[in-house]
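Below you'll find the structure, written out as structure tokens, and then a few comments.
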Amino acid sequence: MTDNTAAAAADTTGQHDDDAVALAHTLFQAAREGNDGLLAAYLDAGAPATLTNAAGDSLLMLAAYHGHAGTVRLLLQHGADANTANDRGQTPLAGAAFKGYTDVARVLLDAGADPDAGAPSARAAAQMFARTEILDLLG
């Protein structure tokens, strides 16, 4: 292998890493925005629904925190775990409770989200922020 070939191989490897980071950024942004069409295309092509960012926030966490019930449902259908906490111990259900997204909370609960998981739990977040509709859902 010549020096030029090695340099070209290194550039290609770096490009693949850059492409992967760009794709991950695109997927995280789609989750934040509720862009179901884009997410569905990548998930159907094999992108992992369990992808997390550097803070441990999953695609599901971002979709839940930003109030996108349809996106939450899509991610769950593709294998996301309703109880996966981020690096701070927060669950998607707690994020939905904090923000007051009753429709998102309902989807997560239907998927088996534990209202007492995480720190603070969804139940504690709903109590702290007087989210009575969500507290009613939690029972």
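Just so it is clear, none of the values below were taken in a lab; they were calculated from the coordinates. Not measured: the values here are computed from a predicted model. We place every Cβ from the backbone using ideal geometry, glycine too, and count neighbours over all the protein chains shown.
Laid out as a table, the results:
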| quantity | calculated |
| --- | --- |
| Förster-model FRET efficiency, 22 Å R0, LEU38 and ASP110, C-beta, rounded to 0.05 | 0.35 |
| Correct choice for semi-axes √(5λ) of the Cα gyration tensor in Å that was computed from the model, options [x] 30, 19, 14; [y] 36, 15, 11; [z] 27, 24, 14 | [y] |
| Mean ellipticity per residue at 222 nm, deg cm²/dmol - from DSSP H runs of n ≥ 4 across the chain, formula -39500 (n - 2.57) | -19000 deg cm²/dmol |
| Span-like helix ranges in the chain, DSSP H, alpha carbon extent 15 angstrom or more, Kyte mean at least -1.0 | 3-33 |
| Likely footprinting exposure, VAL104, VAL21, fewest C-beta neighbours within 10 Å first | VAL21, VAL104 |
